[in-house]
Amino acid sequence: MLADYLYQMRTTNSYKGDESNIKHVDEILMLMSAMSGFKNVENIIKVAHERKVSNMKGFFELAEEKGIEKGIELGRTEGREEGLQLGRTEGIEKGLELGRTEGADMVSELNTILAREGNLEKIIKANTDKIYRNELLKKYRLLK
């Protein structure tokens, strides 16, 4: 059984387990884990005992099932992280766009008020001096 595993892995880089029963389940799986570098053997042994699996085909089906579960969870985690990052980026872009639009609207409204007052000097100064512009936006209650 162990020799069959090693032979198949060497020649095909995959293993198709047979259905013959194994007497020393834990020991065989631990040995195969040590030889193959498979890391999650303790979990497979636990599940194998719960499901009463006692042949190589069943063990590799469990390992594959656990791998699929882990892959799905990893995919979900990466998807959530990617979605959050994308959402943050889109949120920042929309926030900047909205801020620019609101800022332009406030300055436009300020210029309209100052033009109605006939004060060209204030318009010019407000367009070149940020501090003065903010003072006027507050004075005319345009800054929210």
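The values are calculated or read from the model by the stated rules, or taken from the named source; none is laboratory data. The shown structure was predicted, so the numbers you read here are calculated from the model rather than taken from an experiment. Cβ atoms come from the backbone with ideal geometry, glycine included; neighbour counts cover every protein chain shown.
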**Complete:** Only unsatisfied item for A115, checking (1) in contact with a helix residue (DSSP H, G or I) (Cβ under 7 Å, 6 or more places away or on another chain); (2) in contact (Cβ under 8 Å) with a residue 12 or more places away in the chain, is (2)
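Per-residue answers, yes or no, for (1) loosely packed, with under 10 Cβ neighbours inside 10 Å; (2) within 30 Å of K23 (Cα to Cα); (3) not aromatic (F, W, Y):
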| site | (1), (2), (3) |
| --- | --- |
| V41 | no, yes, yes |
| I45 | no, yes, yes |
| E61 | no, yes, yes |
| L84 | no, no, yes |
| E121 | yes, no, yes |
**Asked** Looking at (1) modelled with pLDDT of 90 or more; (2) of a type outside the set (K, R); (3) surrounded by 13 or more Cβ atoms within 10 Å (Cβ to Cβ); (4) part of a helix (DSSP H, G or I), can you tell me which one L142 breaks?
**Response** (4)
**Request:** State whether one or more residues within the stretch 76-89 are under 30 Å from M30 (Cβ atoms) and assigned to a helix (DSSP H, G or I).
**Result:** yes
**Request:** Could you please give the count of residues in the stretch 1-20 that are over 15 Å from A63 (Cβ atoms), surrounded by 10 or more Cβ atoms within 10 Å (Cβ to Cβ) and modelled with pLDDT of 75 or more?
**Result:** 3
**Prompt:** How many residues does the stretch 63-82 hold that are at pLDDT below 75 and farther than 18 Å from D18 by Cα?
**Reply:** 2
